[in-house]
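Colleague: Can you read through this structure? Questions will come right after.
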């Protein structure tokens, strides 16, 4: 792991050096334009240069970690091309073909396996984007006092548009387009947001409580959420009764973990497409040249390609897989919690982008949602359902948010662990939480039911290892600057 990170550090250092050289002014004003250009453009790798096995292995590790999130998005969009229309796959997962949307009409169910770390605080939707096919229109209804946010991320999983209550977004129609699109924007469009990449994902989220009346009130709003090709825009709000969405049967051999979107065995067969779909950010040009040089060499040398393939498989197992554990995501804060502060705006932070993509892809931007991850109790031992735990928020110290908060429990695969109460999180949505006499709030995390007076505060756990996850939607400043931290997870002795 440390070796791989060192390799990545070397690559980033080279890029920074190239960028620094690029920004250095030419001290000799008598130099010709040609020589100035020559100085500013570092020479690419020389074609046909011999690549040793060690070089290919090391370079593959860096490339694999860098490209993993982008291949992940590529494969999702490619897979969803085969869909005839919006469906509830397996009866639980909203899926749609590229540039179309599918919304749930209630919480996501435990059987969902396409996206790790779902939550049961919102009604989800999902739309894969393929902007090579043209722009899309996004419908925003009048949500009134309801909390909502649309996540709009590019192929790097960075956000490129801002829709939500925290932005004061007005109801209406908006366009998402590729940066190179120069078509006519029709009347009735409020704004145009542009993506630097050809592919991406849109995930609307609308908060609802457990109250049946609230669920009923939210449904008309959900039915007005829409996304479709610009050519279908007529200036009128399209309404869809999502309860009538086609349902496919569950997979009897459903996987326990997240769908395997990135396959190292075919990684180098896809990499050329990624380079076309995702242009380099400033400073990445030298890295792209190294990648292309490697692809050229692999195309000419089957033996070398086999070495690279094995290196990609090794990188998946020894570099990417460990990042699934929350204790390897972001950075540590108090009481063994981890967090990150640049979700969906990772930029050049390749490691955090990769760790989030592996452990809990599709995180919102920090001002939209701040996340805290926990694998350990206060003593540093792995959380396990054979034990009982308490999480106590002191009086006035529940997560400070303008939206909502929740504490969610995930099994070892970062999905819900089915239980008789169908309860997978506790927080703002639960109106019957019982506070202690001193004003504090204790949540009981255990596999067996507590006493009757504590049942409303019980978060059921499996009997195996599990993880906890705090979401702060529309967080206050003290959450954003790390002044607030979730309380310790205390093992009951």
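Taken together, the values in this text are just the output of simple stated rules run on the coordinates, not laboratory data. None of the values given here were measured: they were computed from a predicted structure. Note: ideal-geometry Cβ built from the backbone for every residue, glycine included; neighbour counts use all protein chains shown.
Colleague: For residue 111 and residue 394 in one chain, what is 0.36 nm times their gap in residues minus the Cα-Cα distance, to one decimal in nm? Could the numbers behind the result be given before it?
Modeller: Working: separation 283, 0.36 × 283 = 101.88 nm, distance 3.44 nm.
Length gained between residue 111 and residue 394: 98.4 nm.
Colleague: Turning to a different aspect of this structure: Between residue 482 and residue 378, what's the calculated FRET efficiency when r is the beta-carbon distance and R0 is 25 Å? Round to 0.05. Let's see the in-between values first.
Modeller: Numbers: r = 19 Å, r/R0 = 0.75.
Efficiency at R0 = 25 Å is approximately 0.85.
Colleague: Testing the spin-label approximation: label points 7 Å from Cα along Cα→Cβ at residue 318 and residue 255. State their distance in nm.
Modeller: 2.3 nm
Colleague: In the chain, what % of DSSP beta bridges are antiparallel (nearest 5)? Before the final figure, lay out each step's value.
Modeller: Values: 64 of 75 bridges.
So the antiparallel bridges amount to about 85 percent of the total.
Colleague: For the range 87-244, just say rounded, prolate or oblate: build the C-alpha gyration tensor, square-root its eigenvalues into a ≥ b ≥ c, call rounded for a/c under 1.5, and beyond that prolate if a/b exceeds b/c, oblate if not.
Modeller: Values: a/c = 1.76, a/b = 1.39, b/c = 1.27.
Prolate shape, in that a/c is at least 1.5 and a/b is the bigger ratio.
Colleague: Quick one: plug the Kirkwood hydrodynamic radius of the chain (C-alpha pairs) into Stokes-Einstein at 37 °C, 0.692 mPa s, and report D in µm²/s.
Modeller: Details: Rh = 24.3 Å.
Using the Kirkwood radius from Cα pairs, D works out to 135 µm²/s.
Colleague: Which angle between 0 and 90 degrees, to the nearest 10, do you get for helix 212-222 versus the longest principal axis of the chain when only C-alpha atoms count?
Modeller: Approximately 30 degrees, to the nearest 10.
Colleague: Let me ask something else. Taking R0 as 22 Å, what FRET efficiency do you get between residue 456 and residue 217 from their Cβ-Cβ distance, rounded to the nearest 0.05? Let's see the in-between values first.
Modeller: Working: r = 23 Å, r/R0 = 1.04.
Efficiency, from the Cβ-Cβ distance: 0.45.
Colleague: Please arrange 477, 285 by counting, for each residue, the other beta carbons lying within 10 Å of its beta carbon, fewest first.
Modeller: The most exposed by this proxy come first: 477, 285.
Colleague: Something else: What number, in percent, do you get for the relative contact order of the range 87-244 if the mean sequence gap of Cα pairs under 8 Å and at least 6 apart is divided by its residue count?
Modeller: Working: 335 pairs, mean separation 46.4, N = 158.
In percent, rounded to a whole number, it is 29.
Colleague: Based on the Cβ-Cβ distance from residue 413 to residue 232, what FRET efficiency comes out when R0 is 41 Å, to the nearest 0.05? Write down the numbers at each step before the final one.
Modeller: On the way: r = 38 Å, r/R0 = 0.93.
E(calc), rounded to 0.05, equals 0.60.
Colleague: Right, here's the next one. What's the angle, to the nearest 10 degrees (0 to 90), between helix 302-315's Cα axis and the longest principal axis of the chain?
Modeller: Computed tilt is about 30 degrees.
Colleague: For the chain, take the longest principal axis of its alpha carbons; what is the angle in degrees between that and the long axis of helix 53-80, to the nearest 10 within 0 to 90?
Modeller: Here the helix axis deviates by roughly 50 degrees.
Colleague: Using a/c under 1.5 as the rounded threshold, could you call the range 417-482 rounded, prolate or oblate? The axes a ≥ b ≥ c are square roots of the C-alpha gyration tensor eigenvalues, and prolate needs a/b larger than b/c, oblate otherwise. Write down the numbers at each step before the final one.
Modeller: Values: a/c = 2.14, a/b = 1.36, b/c = 1.57.
Oblate is the answer for the range 417-482, as a/c is 1.5 or above yet b/c matches or exceeds a/b.
Colleague: Between residue 299 and residue 269, 0.36 nm times their residue separation minus their Cα-Cα distance comes to what? The partial results should precede the final answer.
Modeller: On the way: separation 30, 0.36 × 30 = 10.80 nm, distance 0.99 nm.
Gain in length upon complete extension: 9.8 nm.
Colleague: Below 8 Å, C-alpha to C-alpha, sequence gap of six or more: please give me the relative contact order for the chain in percent. Could you put the intermediate results ahead of the total?
Modeller: On the way: 958 pairs, mean separation 80.1, N = 493.
Worked out over the chain, it gives 16 percent.
Colleague: So if each residue of separation counts as 0.36 nm, and I subtract the Cα-Cα distance between residue 306 and residue 53, what length gain in nm does that give? Spell out each step's value before the answer.
Modeller: Numbers: separation 253, 0.36 × 253 = 91.08 nm, distance 1.04 nm.
Stretched out fully, the residue 306 to residue 53 stretch lengthens by 90.0 nm.
Colleague: Arrange the following residues from fewest to most other Cβ atoms within 10 Å of their Cβ: 214, 375.
Modeller: Values: 214 15, 375 22.
Listed from fewest to most nearby Cβ atoms, that is 214, 375.
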